[in-house]
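Please read the structure below before turning to the comments.
The values are calculated or read from the model by the stated rules, or taken from the named source; none is laboratory data. Since the structure is predicted, the reported quantities are computational estimates derived from the model, not experimental observations. Counting neighbours? That spans all protein chains shown, and the Cβs are built from the backbone with ideal geometry, glycine included. Surface areas here come from the heavy atoms of the whole protein model, side chains and all, with no ligands, DNA or RNA. Shrake-Rupley method; radii C 1.70, N 1.55, O 1.52, S 1.80 Å.
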Amino acid sequence: MGKRPRTGKSTWTPHRAVERPVRRFLSGTPYRLALAYPASYEVGMSSLGFQRVYELVHEADGWSAERFFTGGAGMSALGMPRSVESEAPLTDFGCVAFSVSFEEDYVHLLQLLLRGGVPLRWRERRRDDPVVVLGGACAAINPLPMAEFVDVFALGAAENLLADLLSALAEEKDREAVCERLASRPGFFVPAFHDPEGADLPDKLRKLELTAAQMAAPGHLPTTAVVTERTEFASKFLVEMSRGCPEKCRYCWATFGMGKFRWHPTQYILESLERGRSVTDEVGFVATAVGDHPEIGRILTEAHQAGFRAAVSSIRIPAVTDEVLAPLYAAGGRSITLAPETGSDRLRRALNKPIPNELLLEKVRLIFRHGFHHLKLYFIVGLPGETMDDVEAILTLAGDCRKILLEEGVPRGTVGHIHLGLNVLIPKPYTPYQREAMEEASSLKRKISVLRKGATALPNVSISTMSIRQAVWQTYVSRAGSDAADVLEEVARGMNVAAALRRYGERVHEEVYRELAGTLRWHFLRTG
Ligand code: SF4
């Protein structure tokens, strides 16, 4: 099913000019895959998952991948998306595979298909239209809102799915044959052949996670394939540390949906730095729980000794130790992010995050004592059982952290800054909160307003908040069934989200503000 490239006006030249591939990738191969990230180049290239698939496709015999993004240069010329590698249009490819980590990007995915000339719904596609594949975290949370648009959902790690996908694409004559073949393979949900909302499937469809045994073997460590300054982690070589999380916070999909906590061997992580060194001296260690790698201290120290400036994505509060902070600071780090989630010990225990404020404040002192000057603290409002006292406790906690910031910073003459990032609870599939209703907008508004006012009154403290509309939209597209297709399509075709939420108000209300009972519609997948 591979097709030949066309030439066209170059729109990605400035991006290509500053790309530093960690190794050489072949082009002009017999088979080519369109690999798309439904957000800007900068966001897509910051995704280690996306970079990993790009590398794995090139490692497959006879295959290369060409990247597509929404927004940015590649979308500007006549509105037609073109690939970064050869400026080819989407319709030149036998398959477009999307990596999707955030449900809000569904609309961008549909816009990319629309602008690329691919019929939106799979029922409208012809046999020789591209096969539309969706992989990444969203495929295995609740694929149903996208089930009218996507031919094949790839459930799990690319390492376990690409071989089947690429051989079907190379060997089958058309789109329908590819879909039929993949429907019989483990790890694929193919809406034309599986009907989770109608008759029961004989067996649940299984997500094929990267296992601990695979991670312990060579060749399974995701690292950046192409380093570029045009990403959120400018010029960093990213290395994955682990998967899952040792904690079980009740709202968190990353821990319930990604399997048991497991980590990559230190040896592979340190060896990978040699590959990165050819293009950069900056490394970013990423995972949901970076600090819980059993040898995090050694890895950070050795990376620093090898001449790298190192940063980490996020650290669980108990994993903040001298052993982690000292090498991070020495390597140039000045900012740390923690997620207390709520201000009171009581509510944090109810979330299954039994970390008392006392411990958090000790860790905050340690952070500022090491010389870090920026602290980001993430909180959630709208949690089950939350009272106004819990909400006000967030401000008390922020005030206590600020006191420590001053106590540690003033004598040194460098007073830093604390930022509060406020999210609204999205009751996600596969978490213990999956049946919860989202809190009513009026009470969320009150809570957010109290926090905004209180935080603004604290010097050296800033706050950013998720909008309630964004939270409603996210909850809707996380939990809805396939009838969400109409809503998503309208938004993709130009209706704004606020208007869509009004127009489909009853439908949205039913999904978002109702406690769910009985069998949940996404339980046709076996995940976690
Ligand atoms: S510590 Fe973070 S990643 Fe781990 S379960 Fe809690 S929220 Fe999720």
Binned at 5 Å from zero, the C-alpha pair distances of segment 338-404 give percents of 4, 17, 31, 25, 14, 7, 3, 0
Residues of the chain: accessible area per residue at 1.4 Å, in Å²? 40
Excluding same-chain residues fewer than 8 positions from Lys376, which aspartates and glutamates have a Cα within less than 16 Å of its Cα? Glu341, Glu362, Asp400
So what's the back-of-envelope 222 nm ellipticity for the chain, counting only DSSP H runs of four-plus at -39500 (n - 2.57) apiece and dividing by all residues, rounded to 500? -10500 deg cm²/dmol
On a 29 Å Cα-Cα criterion, which of the cross-link pairs Lys236/Lys445; Lys173/Lys236; Lys363/Lys453 come out too long? Lys236/Lys445; Lys173/Lys236
In segment 201-297, what GluC sites (Glu not before Pro) fall in a loop by DSSP, with at most 10 other Cβ atoms inside 10 Å? none
So for R0 = 30 Å, FRET eff. of Arg334-Val18 from the Cβ-Cβ r, to 0.05, ends up at 0.75
What aspartates and glutamates sit close enough to Lys260 to cross-link, taking a C-alpha to C-alpha distance under 15 Å and skipping anything fewer than 8 places away on the same chain? Glu209, Glu247, Asp292
Under-5 Å amide H pairs with Gly259, H placed in peptide plane, nonlocal only: Gly528
Label points 7 Å out from Cα along the Cβ direction at His374 and Lys260: separation in nm? 3.8
How much of the accessible area of the chain, in percent, comes from carbon and sulfur atoms when a 1.4 Å probe is used? 52
Using Cα-Cα distances under 8 Å and only pairs 6 or more residues apart, what relative contact order does segment 124-269 have, in percent? 18
The answer for Ala36, listing residues at least 5 apart or on another chain whose modeled amide H is closer than 5 Å to its amide H, is Phe68, Ala97, Phe98, Ser99
Ala157 long-range amide H proximity, modeled H, under 5 Å: Leu208, Glu209, Leu210
Here segment 342-347 yields Karplus 3J(HN,Hα) values (6.51, -1.76, 1.60; θ = phi - 60°; whole Hz; Gly and Pro given as x) of 8, x, 10, 4, 4, 6
